[in-house]
Structure formats: structure tokens, C-alpha cells
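A short reminder: the numbers here are calculations on the coordinates, not readings from a lab. Please read these numbers as outputs of a predicted model, since none were measured by experiment. Neighbour counts are summed over all protein chains in view; Cβ atoms, including those assigned to glycine, are modelled from backbone coordinates with ideal geometry.
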Amino acid sequence: MSTPKGDGTFNVYDDVRNKLVARGIPKEEIAFIHEYNTETKKADLFAKVRAGQVRILMGSTPKLGAGTNVQDRLIALHHLDCPWKPSDVGRILRTFKIKKNVEVTDNGKIII
């Protein structure tokens with residue numbers, strides 16, 4: 001919902017990124033999966049996430065769900081889409097079993 005279109009119209013992705021940048025997170029450390037439209041670009045992005053060069057990765061469940069293996073450094077997952085299923089947070093829950101400090105929220109309410 002409200003995905004980035006690159007045409008200047010309001011969308012939640014740009015709004016959240018602008019707010020994070022205003023709070024001091026460098027823009028280059030925030031990525032949208034929508035900007036990586038080939039398997040090669042996605043592989044490069046995922047490598048940057050695993051290396052910690054991209055700290056925040058935003059995307060819809062269909063684009064960033066099953067098969068996305070970037071959970072090595074994850075400490076939080078925030079699901080904003082409605083509805084979502086418990087299977088949508090499987091990767092981070094596996095990380096939680098290893099790290100014990102992962103937070104998964106449902107619009108601010110902690111669910112684990």
C-alpha cells in the first residue's frame with residue numbers, strides 16, 4: 001500500500017524515510033526493495049543488508065517476504081500491512097531463537 005512511485009506523489013515509504021533521515025539516519029542506509037527490480041540488484045542489496053551497509057530495508061510482504069534471507073543483523077520487524085499472517089514474520093522469528101533480542105511488532109504492540 002502506498003508504494004514509492006518516483007513521481008513526487010505522497011507515499012508512506014518516502015514519508016518514513018524522510019522522518020528517519022530527519023532523525024539522523026543517513027539516506028543511503030535506508031533502502032526500498034522496489035528500487036531493486038532485477039535479481040542481480042536484489043542480490044547486491046541483500047549483501048549490503050547482511051554487511052550492515054543498509055540498516056533499514058522497507059518493502060511489502062509480497063516483495064520482501066518468503067525467500068528473502070537478510071536476517072543476520074535484524075533486531076526488529078515492523079509489519080504495517082493489513083492483514084498479515086504469522087508466516088510473514090518467520091525469518092525474524094528464526095533470528096529471535098538465535099539472538100533472543102528481536103522485537104516483532106503489530107503497529108507498535110509487541111507480539112513476541
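Among 10-17, 23-30, how do they line up by average Cβ neighbours within 10 Å per residue, starting with the highest?
Result, highest mean first: 10-17, 23-30.
Please state the shape class of the range 1-45: rounded when a/c is under 1.5, otherwise prolate if a/b exceeds b/c and oblate if not, all from the C-alpha gyration tensor.
Note, shape of the range 1-45 comes out oblate.
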